[in-house]
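Notes for the one structure printed next.
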Amino acid sequence: MPFLRPLPRWLLGASLLLTFDLAGRLLVAALSLPIPGPVLGMLLLLLAMMLYGRVPSGLGLVGEQILRVLVLIFLPATVGIYYLRDLSGGDWFALIAAMVVGTLISIALTGLLLNYLIRRSGRGGGSADHGQ
């Protein structure tokens, strides 16, 4: 059964993800921090991966599968907008402005990060001849 071969790595990756989530929740509860526990857990995971030097293969497998169903994570928020139909015009303007500004900031930061990572990897050096 070759499809069971990656199962131990997947389980290790999932347990790693859940462990850091739990660690973040416990730290927030113990220290009364004003941030969500899962956010702190993911920051701790990021720090651990930076110290480790790479993404563990099991965590990479789990991450790929989570990204495939990422749209389902946003589905409840999209459905929740239906219940906001009684908002006044000013509220709708603020909601739409926040969504547009948030999206633009997210796109800009993603582009800047991509540009930084390309330059860092050495493939984006400006000395390449672009068909001239």
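Every number here is computed from the coordinates shown, using simple stated rules; none is lab data. Note that this is a predicted model, so its numbers are computed, not measured. Positions of Cβ are backbone-derived with ideal geometry, glycine not excepted, and every protein chain shown enters the neighbour counts.
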Given labels modelled 7 Å from the Cα in the Cβ direction, how far is it in nm from Arg5 to Tyr82? 4.5 nm
With springs only between Cα atoms under 10 Å, which of Val69, Val79, Val101 fluctuates most in a Gaussian network model of the chain? Val101
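Given only helices, namely DSSP H runs of n ≥ 4 each adding -39500 (n - 2.57), what is the per-residue ellipticity at 222 nm of the chain, to the nearest 500 deg cm²/dmol?
So the calculated ellipticity at 222 nm is -25000 deg cm²/dmol.
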Between Leu33, Leu45, Leu11, find the one with the highest GNM mean-square fluctuation for the chain; connect C-alpha pairs within less than 10 Å. Leu33
Go through 16-29, 46-59 and give me the packing order, highest mean Cβ count within 10 Å leading. 16-29, 46-59
Three-way shape label, segment 1-68, alpha-carbon gyration tensor, a/c 1.5: prolate
Tell me which label goes with the value of percent of Cα pairs over 27 Å apart computed from the coordinates here: (i) 13; (ii) 24; (iii) 48. (iii)
